[in-house]
Amino acid sequence: MDKCPCGSGLDYAGCCEPLITRQTQAETALALMRSRYTAYATGAVEYIKDTTHPDQSKDFDERSTRSWSRKSVWTGLEVVETVKGGHGDTEGEVEFVAHYRQKDTPVRHHERAEFRRVDGTWFFFDGKPVIPETFHRETPKVGRNDPCSCGSGKKFKKCCGA
């Protein structure tokens, strides 16, 4: 594997592999989040379980996580925002979008994940989906058979709506 699946642009060996193989620990919440995405992409389910906060790990379903990881084709990660989660913090949030395909259907998983540090080690604590805001139209919608708003005198569907 050349480039790391987390999208950092670094080689896997110099990015997430040392975290997943337990040679080192994530220094930030963002590093842990990226390595967890990579663990899903590479099927390293034990790492996902081990980096789940102890208070949440009792709910971890290793079998279904392994199945989901294997049946998905992981295509990319976008980091939208990070809040805290640095070297001196004990909590942090990372908003991200994970892209993958299941049965040739593209999926876009948008989440705001919460991380907590316990005795110097970062853990994933909880995640909440980010719901897109509802779009509110400022002006009335132009119907297909309404006169075109450009002033041509034609129906919208025969003019600018074509």
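The values are calculated or read from the model by the stated rules, or taken from the named source; none is laboratory data. Source: prediction; values computed, not measured. We place every Cβ from the backbone using ideal geometry, glycine too, and count neighbours over all the protein chains shown. SASA here: full protein model, heavy atoms, side chains in, ligands and nucleic acids out. Shrake-Rupley method; radii C 1.70, N 1.55, O 1.52, S 1.80 Å.
Residues TRP68, TRP122 ordered from highest to lowest accessible area at a 1.4 Å probe: TRP68, TRP122. Pairs of C-alpha atoms in region 47-91 farther apart than 12 Å represent 75 percent of all such pairs. Could you state the angle between the C-alpha long axis of helix 29-42 and the longest principal axis of the C-alpha atoms of the chain, as a value from 0 to 90 degrees rounded to the nearest 10? Compared with the principal axis, the helix lies near 90 degrees. Simple rule: put +1 on each Lys or Arg Cβ and -1 on each Asp or Glu Cβ in region 1-76, find the dipole, and look at CYS4, THR38, SER72; the Cα lying farthest toward the positive end is SER72. Note on SER72: accessible area approximately 10 square angstrom, rounded to 10, probe 1.4 Å, nucleic acids and ligands left out.
Close amide H partners of THR75, meaning residues 5 or more places away or on another chain with modelled amide H under 5 Å apart, are HIS99, TYR100, ARG101. Rg and Dmax of region 63-149, both derived from C-alpha coordinates alone, stand at 19.7, 67 Å. Hey, could you get me the Stokes-Einstein D for region 5-51, Kirkwood radius over alpha-carbon pairs, 37 °C and 0.692 mPa s, rounded to whole µm² s⁻¹? Rounded to a whole number, D works out at 320 µm²/s.
Pairs over the 27 Å Cα-Cα cut-off, from the set LYS58/LYS103; LYS103/LYS157; LYS49/LYS84; LYS58/LYS128; LYS103/LYS128: LYS58/LYS103; LYS103/LYS157.
Largest to smallest in accessible area, the residues LYS71, LYS157, LYS128 fall in the order LYS71, LYS128, LYS157 (1.4 Å probe, all protein chains included). Residues whose amide H comes within less than 5 Å of that of ASP126, counting only those at least five positions distant or on another chain, are GLU114 (H built at 1.01 Å from N in the peptide plane).
Normalised by the number of residues in the chain, what is the relative contact order in percent for Cα pairs under 8 Å and 6+ residues apart? Mind showing how you got there, number by number?
Values: 272 pairs, mean separation 27.1, N = 162.
Relative contact order, the chain: 17 percent.
Ignoring any ligand, DNA or RNA, what whole percent of the accessible area of region 98-148 comes from carbon and sulfur when the probe is 1.4 angstrom? Walk me through the numbers before you get to the answer.
Numbers: 2060 of 4010 Å².
The value for region 98-148 is 52 percent carbon and sulfur by accessible area.
With charges only on Cβ, +1 for K and R and -1 for D and E, what is the dipole size of the chain about its Cα centre, in debye, rounded to 20? Result for the chain is approximately 1320 debye, rounded to the nearest 20. Along the axis of the charge dipole computed for the chain (Cβ charges of +1 for Lys and Arg, -1 for Asp and Glu, origin at the Cα centre), the listed residues PRO140, PHE123, GLY88 are led at the positive end by PRO140. Here region 1-81 has 46 percent of its accessible surface on carbon and sulfur atoms, given a 1.4 Å probe and all protein chains in place.
For PHE115, PHE156, write out the residues from largest to smallest accessible area, computed with a 1.4 angstrom probe and no ligands counted. Before the final figure, lay out each step's value.
Working: PHE115 0, PHE156 55 Å².
Order by accessible area, largest first: PHE156, PHE115.
On a per residue basis, region 1-126 carries 56 Å² of accessible surface, using protein heavy atoms and a 1.4 Å probe.
Relative to the longest principal axis of the Cα atoms of the chain, helix 62-71 runs at roughly 50 degrees. Once you list every other residue whose beta carbon is under 13 Å from the beta carbon of GLY86, what net charge do they have if Lys and Arg are +1 and Asp and Glu are -1? That works out to -2.
Partner lysines whose Cα lies under 30 Å from the Cα of LYS158, excluding those fewer than 8 positions away in the same chain, are identified as LYS141. The equivalent ellipsoid of the chain has semi-axes of 42, 19, 15 Å, largest first, where each one is the square root of 5 times an eigenvalue of the Cα gyration tensor.
Whole-Hz Karplus values for region 114-124 come out as 9, 10, 9, 9, 10, 6, x, 10, 7, 9, 6 Hz, taken residue by residue from phi with 6.51 cos²θ - 1.76 cosθ + 1.60 and θ = phi - 60°; glycine and proline positions read x.
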